[in-house]
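Engineer: Below are the structure tokens for one structure; questions will follow.
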Amino acid sequence: MRKPKVMIVGLGSLGSVVLEFLARDEAIGEIIVASRDRARAQTRCNLARVGALAQGAMPQIRFVPVDLDDIGRAAEVFARESPDLIVSTASMQTWWLTGLLPPAARTRLCRAPFGAWLPVHLTLAMKFMRAVRQADYRGHTLVASFPDVVNVVLARLGLAPTCGLGNLDEIVPKLRYLAGERLHVSPRSIRVLLVAHHALEPFVFGSPGGEVPPYRVLIESDGRDVTEEVEAARLLLDPYPLPPGPAWHFLTAGSTLRLVAALVGVSEGLLHVPAPGGLPGGYPVVASRSGVRIVDLPGLSREQAVAINERSHPFDGIQRIEADGSVEFTSDATGVLKEALGYNGGRLQPSESEARAAELIARFREYAARQGVDLAAVEATSRLMT
């Protein structure tokens with residue numbers, strides 16, 4: 001039986017970790033690394049090969065040049081290679097750069113909800129999915145960049161990927177560990193069904209204070225409902241600090257590996273994914289070669305689950321997403337960026353995303369420079385280290 005072929009588009013700090021994880025999975029037949037930075041990609045491919053071999057695995061890894069700014073050429077590559085699955089980790093700016101600012105400047109800027117940065121995550125996701133459609137590609141597609149919102153916009157444009165990755169699925173292991181500890185059983189015996197949005201994650205792993213975004217959770221131990229017994233609502237918000245910045249990508253990549261394995265037919269299973277088929281927020285699903293199928297929680301209809309995540313959008317700075325894909329931001333999202341960066345981030349039309357992203361990035365870099373932080377140097381160092 002032919003082993004599956006997987007393509008990674010974008011080789012930033014997350015894509016590099018995903019590559020390392022996939023390289024050690026011998027159920028994967030071939031890994032294609034698609035990037036516009038040939039020199040960096042080839043050295044990362046070399047590292048993944050020898051690192052995997054040091055652990056006894058012998059992956060087939062190959063580089064192909066892809067620049068998402070050239071949608072036609074990217075489509076040609078996707079059509080020619082025809083992998084079983086494509087995962088895009090491409091973004092115009094990584095999410096953790098704000099954490100490099102001095103404390104006062106960082107605190108000021110981080111008052112803006114994550115969704116205020118939507119253009120830098122949406123732009124390349126749109127180009128990726130347009131190339132996928134132009135290629136008439138029929139395999140599974142995963143979009144990593146802020147999928148709880150980005151994929152909803154893509155769906156409004158007729159560009160919905162299979163689903164996103166990470167986010168909600170990063171919360172579930174915490175609940176399984178803590179519930180297992182509370183019941184004195186192995187976390188393997190704990191089953192969690194959770195409906196929630198990316199906006200909940202800072203409350204789960206940090207302590208931002210304020211109103212908690214809505215969610216619905218069910219926890220079972222060997223098939224027995226223990227949601228109340230383990231005080232699931234309390235477990236969800238119990239302190240569980242994780243290291244900031246790119247170290248987080250190891251958690252995301254671990255989640256991604258399980259999802260990829262399921263979608264290419266290696267191991268079907270229960271997972272949690274953001275934005276299946278372009279729905280807002282995250283849901284429990286059964287993932288398999290045929291795709292992702294949402295698992296409904298008892299007493300919660302599909303419409304109610306979607307409504308929970310729609311109500312969570314404003315916690316991430318998104319007031320609403322219109323039928324044409326245009327996005328209205330909350331006042332706190334626009335206000336903080338205007339005050340700190342001088343960026344006027346009103347209603348976003350998808351066609352304006354690239355220009356708005358470029359302006360936002362430029363103003364952020366100017367802001368960082370005023371704080372004595374040279375982001376170009378930081379990013380260059382990061383690219384050498386990750």
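Engineer: When the chain is treated as a GNM, springs tying every alpha-carbon pair under 10 Å, which of PRO208, PRO314, PRO173 comes out with the largest mean-square fluctuation?
Structural biologist: PRO208
Engineer: A follow-up question, please. Dipole of the chain (Lys/Arg Cβ +1, Asp/Glu Cβ -1, origin at the Cα centre): which of VAL132, ILE321, GLY206 lies farthest to the positive side?
Structural biologist: It is VAL132, whose Cα lies furthest towards the positive end.
Engineer: Then there is this: Tell me, how many Å apart are the Cα centres for region 1-74 and for region 251-291?
Structural biologist: 20 Å
Engineer: Nearest 5 is fine: what % of DSSP beta bridges in the chain come out antiparallel, could you say?
Structural biologist: 55 percent
Engineer: Let me ask something else. Counting only helical runs of four or more DSSP H residues, what would the 222 nm mean residue ellipticity of the chain come to if each run contributes -39,500 (n - 2.57) and the total is spread over all its residues?
Structural biologist: Value at 222 nm, helices only: -13500 deg cm²/dmol.
Engineer: Additional query: For region 238-386, what does the convex hull of the Cα positions come to per residue, in cubic angstrom?
Structural biologist: Looking at region 238-386, the number lands at 189 Å³ per residue.
Engineer: Express the relative contact order of region 266-386 as a whole percentage, based on alpha carbon pairs under 8 Å and six or more residues apart in sequence.
Structural biologist: Here the relative contact order equals 12 percent.
Engineer: In debye, nearest 20: dipole of region 220-284 around its Cα centre with unit charges on the Cβ of K, R (+) and D, E (-)?
Structural biologist: Roughly 400 debye for region 220-284.
Engineer: Computed FRET efficiency, Cβ-Cβ of HIS184 and GLU228, R0 22 Å: what is it to the nearest 0.05?
Structural biologist: 0.80
Engineer: While we're on this one: What list of ³J(HN,Hα) couplings, whole Hz, do you get for region 248-263 from phi and the Karplus terms 6.51, -1.76, 1.60, once you set θ to phi - 60° and write x for glycine and proline?
Structural biologist: Calculated HN-Hα couplings, in order: 4, 5, 5, 5, 4, 5, x, 4, 4, 4, 5, 5, 4, 4, 5, 6 Hz.
Engineer: How many angstrom lie between the Cα centre of region 208-233 and the Cα centre of region 337-354?
Structural biologist: Computed from Cα coordinates, the inter-centre distance equals 36 Å.
Engineer: Name the residue, out of LEU165, LEU235, LEU68, whose mean-square fluctuation peaks in a Gaussian network model built on the chain with Cα pairs under 10 Å.
Structural biologist: Taking springs between Cα atoms under 10 Å, the residue moving most is LEU235.
Engineer: OK, next. What span do the alpha-carbon atoms of region 220-265 cover on each of the three principal axes, reported in whole Å from largest to smallest?
Structural biologist: 34, 33, 11
Engineer: Okay, moving on. Test of understanding: what is the full-extension gain from SER331 to GLN55, defined as 0.36 nm times their sequence separation minus their Cα-Cα distance?
Structural biologist: Between SER331 and GLN55, full extension yields an extra 94.3 nm.
Engineer: Take the chain, connect every pair of alpha-carbon atoms lying under 10 Å apart with a spring to form a Gaussian network, then pick out the residue of GLU26, GLU328, GLU229 with the largest mean-square fluctuation.
Structural biologist: GLU229
Engineer: Rounded to a whole number, what is D in µm²/s for region 1-91 from Stokes-Einstein with the Kirkwood radius over alpha-carbon pairs (20 °C, 1.002 mPa s)?
Structural biologist: Value of D from the Cα-based Kirkwood radius: 164 µm²/s.
Engineer: Could you state the number of Å between the C-alpha centres of region 305-332 and region 122-194?
Structural biologist: Going from one Cα centre to the other spans 18 Å.
Engineer: Ok, one more. For q = 0.15, 0.25 Å⁻¹, what log10 I(q)/I(0) does region 257-299 give under the Debye formula with an equal point scatterer on each alpha carbon and no solvent?
Structural biologist: These q points yield log10 I(q)/I(0) values of -0.32, -0.81.
Engineer: Quick one: dipole size for the chain, taken about the Cα centre, charges +1 on Lys/Arg Cβ and -1 on Asp/Glu Cβ, in debye to the nearest 20.
Structural biologist: 820 debye
Engineer: Continuing with this model, one more query. Calculate, for ALA362 and ARG106, the FRET efficiency according to 1/(1 + (r/R0)^6) with r their C-beta to C-beta distance and R0 25 Å; round to the nearest 0.05.
Structural biologist: In this case the efficiency is close to 0.85.
Engineer: Okay, moving on. Find which of GLY115, MET58, ALA39 sits farthest along the positive direction of the dipole of region 1-160, computed with +1 on the beta-carbon of Lys and Arg, -1 on that of Asp and Glu, about the Cα centre.
Structural biologist: Result: GLY115, furthest along the dipole toward the positive end.
Engineer: On to the next question. Rounded to the nearest 0.05, what FRET efficiency do ASN46 and GLN349 have when you use their Cβ-Cβ distance and R0 = 30 Å?
Structural biologist: For ASN46 and GLN349, the calculated efficiency is 0.10.
Engineer: Relative contact order (percent) for region 144-238, with alpha-carbon contacts under 8 angstrom and 6 or more residues of separation?
Structural biologist: Once divided by the residue count of region 144-238, the mean separation gives 24 percent.
Engineer: Also: Lysines near LYS3 by alpha-carbon distance under 30 Å, same-chain residues fewer than 8 away left out - which ones?
Structural biologist: LYS127
Engineer: Any idea what the relative contact order of the chain is, in percent, if you count C-alpha pairs under 8 Å spaced at least 6 apart?
Structural biologist: 18 percent.
Engineer: Which of the peptides 256-269, 71-84, 362-375 is most tightly packed, and how do the rest follow, going by the mean number of other Cβ atoms within 10 Å of each residue?
Structural biologist: Peptide ranking by packing, descending: 256-269, 71-84, 362-375.
Engineer: If you build the convex hull over the alpha carbons only and average its shadow over all orientations, what do you get for the chain? Give it in nm² to one decimal.
Structural biologist: So the mean shadow area of the Cα hull is 18.6 nm².
Engineer: While we're here: Run the dipole for region 161-202 about the Cα centre, Lys and Arg Cβ at +1, Asp and Glu Cβ at -1, nothing else charged, and hand back the magnitude in debye, nearest 20.
Structural biologist: It comes to approximately 220 debye.
Engineer: Within 10 Å, count the other beta carbons around each residue, average over each peptide in 1-13, 111-123, and list them highest first.
Structural biologist: 111-123, 1-13
Coordinate-derived values only; no laboratory data. This is a predicted model, so every value here is computed, not measured. Using ideal geometry, Cβ is built from the backbone for each residue, glycine included, and neighbour counts are taken over all protein chains shown.
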